[in-house]
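Participant: Here's a structure for you.
Each value in this text was obtained by applying a stated rule to the coordinates, not by laboratory testing. Remember, it's a predicted structure, so these values are computed and weren't measured experimentally. Ideal geometry is used to build each Cβ from the backbone, glycine not excepted, and the neighbour counts take in all protein chains shown.
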Amino acid sequence: MASSSPSSPSVPAFSYQLWKYHVFISFRGVDTRKNIVDHLYKALLQRGISTYKDDETLPRGELIRQSLMKAIKDSYIAIIVFSKNFANSSWCLEELSYIMKCRDTRGLIVIPIFHKVSPSVIQKCGEALFEHKLKNEKKAKSWRKALVYACSISGLETQRIANGLLQITYDIDFTSAILNVKSKRHEAKCIEVIVDTILERLHQDVSNLNISNVNGNLIGIEARKQGLISAFELGFDGVCMVGIWGVGGGGKTTLASSVYDDISSNFDGCCFIKNVREESCNKAGLERLQEKILCGVLKQEQVHVTRVEEGKRMIKDRLHRRKVLIVLDDVDHLDQLEALAGSENWFGEGSRIIITTRDQHLLVAHRVNVIHDICLLNDDEATNLFRKHAPRNGRPIEDYELLSKVVVSYAGGLPLALNILGSFLCDKDMNEWRSALARLKEIPDANILEVLKISFDGLTKVEKELFLDIACFFMGREKDKAMGILEACGYHSVIGIKVLVQKALITISEDGEFDMHDLVQEMGHYIVRGEHPNNPEKHSRIWKKEDVLKICAMDATMVSANKKQRRWFGLNIKQRVKATRLLPEMFRPRELSGLTLSELVQKQLWDAYKAGDSVMLLPENNEMDYYNSVTRLDCGTSHGYDQTADSDDEDEDEDGDTRLNPVPKEAEKNDRIDREILKMLEKGKNKVEVEVVDQMETMEDRIVNRMKGFLHERIDRLEDKMVERMDMLENRMMKMEGIVVKRMERLTNKTVEMEGGVVQRIERLTNKMVERMDMLENRVGDVDK
């Protein structure tokens, strides 16, 4: 079978709409297979040019002939390598005849290459054609016509390149160029010129480019792509590492693929490494990824790496002089970057390394040159993307307009969600749409959440808890106030929140409030509900009022210390209470972050603050029923809350309402003691506040003084450096002046010398003129005589 360029992700997707191959090579194997053609074939592949090479060692047959004819049809450019024995092969002549036919009928571009032979020699091949004529006169005639036709197309002569002068003259829309070539490696230079010529021709028709590795007609991709390309082309002549960062499903891989396809033809070698996170988890995963980079860039079939350190050395040694394009997709650990693209000096000047990740910290830690924040789709782009999956049941799209807006709003500009939901709803009728959307509000799509959950799985245990608390309780809350509560709950919230922001799980709005994508928040709720979505008693967090009311019994409210790992924040619950006991005997007020009770008058507080005895809370006038409003209730030690009915302390009247038992006589005495304790606590609190203010002022003065000292030191150092730089500049100016003076002196001396030489030459010329005049006078005198 004929061989073709292998399909590989490292070969740029530089495919045209009507052609499968960029180049088809026709040649005489005996003359050129093991030299210029093989080298040319490899060079074309290394530059990302899809190439088909006919191998003459293949057995001849009708199937082989058909496959080659089809390959010629599917090619954009045909290169014909003419050599000494080209016309001796009937197979080569048949191939040539079909190529010239395709040139006339299909617009195939033909570039003849005359290897160690001139066009005139090929045109004359009378002896070879005579032998073919004896076998088949009709074919021989058409072959001769094709030979003359091909030789009339000005192409490339390798011998002229080797001799130091190349003149390329294209017919039709080809231009002329003259290149001076001085190289001992003639064949290598010939190949370089041929490849550059083909690339130039391909780039002239870049408008026909069709991205094959990325879905066509991508919504909003062009503006994002140009923004990224501009970012890493601006001011970076050397190696540039670019990071694409954002939430999962936001289009990072799609953007990287599109940019890769657009610019890969400008590099010596290219490689697209997908799913780095998953691949590196396998046995010897990093070693295999290093092998993929080396094989993809160098176009080698097999490279073996035994250890990561060995792979690092191999990448640096083999690629440090090559201009390469490498994409590392879905990176989630710093060791992956250190193993695959450890430093800029691993790659040649002009190289570009593109990294996609969900963790901004990785890019900062690796000192990436450009960090590009992925932009989600706006409403118009999201609507257009969703319309690509319009209903296929014959109903007009307008009938689904309102429901489409609901889906677009739910997706929040996330391309992954729009694609998944669009594919799911595309063949559903309107009733099924309504049902599906109603279900999504209760149970989000598992495929979307699993993609988003990858970022959550990469967090530590404490960071996971912090994220879930923010997702359930603090969305839209002021960051500073929320952080105060989180710090009281035992979190180191400053560093934890920074990690969540870097992993694109949360954002801080311009107003200083916590924010996150709606689907990311849904993911947090989904994780909390876990395997018991309809049983809030088993949830670690309660954030819905209806779930709290399910847990709290209607006849009593008891805060229990027995339920661990349950939290509720910021709930405003108004509920009729028919019990005299609100708080349990094991209640510890020191562990309470915040508690506000309204419409109640405290008749009895705790007897001993540290002992934590039971607390009785009664209405002011012993009214039959009252309301309790808890505006914020949080247990800093993550104690849960439960409720039990306590009917021992209440009696029902004739109307069925609840009356409260009388207060014990000791209550008044206890009230006085408690009031004194509260006054003492208030005085202590005021004293502490004064001390804190004093300490803060002292700290502020210290900070100001240190900053002043630091600034003065910096200014002094800058002044010293400026003086040093000025001295250096003065010295350099003096040196330059000396050099200029010396050069002027040398020029003056040379001028004087030249003047002397000119005078001498004038004198010599004058003398010669005098001699010649004398001779002429003598001759004139002789003539007169």
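Participant: Output the pairs from K42/K292; K116/K323; K453/K544; K252/K545 with a Cα-Cα distance over 27 Å in this structure; if there are none, say none.
Facilitator: From the list (K42/K292; K116/K323; K453/K544; K252/K545), the Cα-Cα distance tops 27 Å for K116/K323; K252/K545.
Participant: For region 701-785, just the Cα set please: Rg and Dmax, both in angstrom.
Facilitator: In order Rg, Dmax, the Cα atoms of region 701-785 give 36.1, 123 Å.
Participant: Per Stokes-Einstein, at 10 °C and 1.306 mPa s, what whole-number D in µm² s⁻¹ belongs to region 211-373, with the Kirkwood radius over Cα pairs as the hydrodynamic radius?
Facilitator: The diffusion coefficient I find is 101 µm²/s.
Participant: How would you rank 407-418, 221-232, highest first, on the average number of other Cβ atoms within 10 Å across their residues?
Facilitator: 407-418, 221-232
Participant: Taking other Cβ within 10 Å of each residue's Cβ, how do L294, L340 sort, fewest first?
Facilitator: In increasing order of surrounding Cβ atoms, one gets L294, L340.
Participant: Tell me, what is the percent relative contact order of region 241-332, built from C-alpha pairs under 8 Å that lie six or more residues apart?
Facilitator: 39
Participant: For the residues T748, T197, what sequence is obtained by ranking on other C-beta atoms within 10 Å, fewest first?
Facilitator: So the ranking, lowest neighbour count to highest, is T748, T197.
Participant: What does region 459-529 give for Rg and for Dmax, in Å, if only its C-alpha atoms count?
Facilitator: When restricted to Cα atoms, region 459-529 yields Rg and Dmax of 10.9, 31 Å.
Participant: List the relative contact order of region 211-373 as a percent without decimals, with contacts defined as Cα pairs under 8 Å and 6+ residues apart.
Facilitator: That works out to 35 percent.
Participant: Give the Cα extents of region 742-785 along the principal axes, in whole Å, largest first.
Facilitator: Computed over the Cα atoms, the extents are 64, 6, 5 Å.
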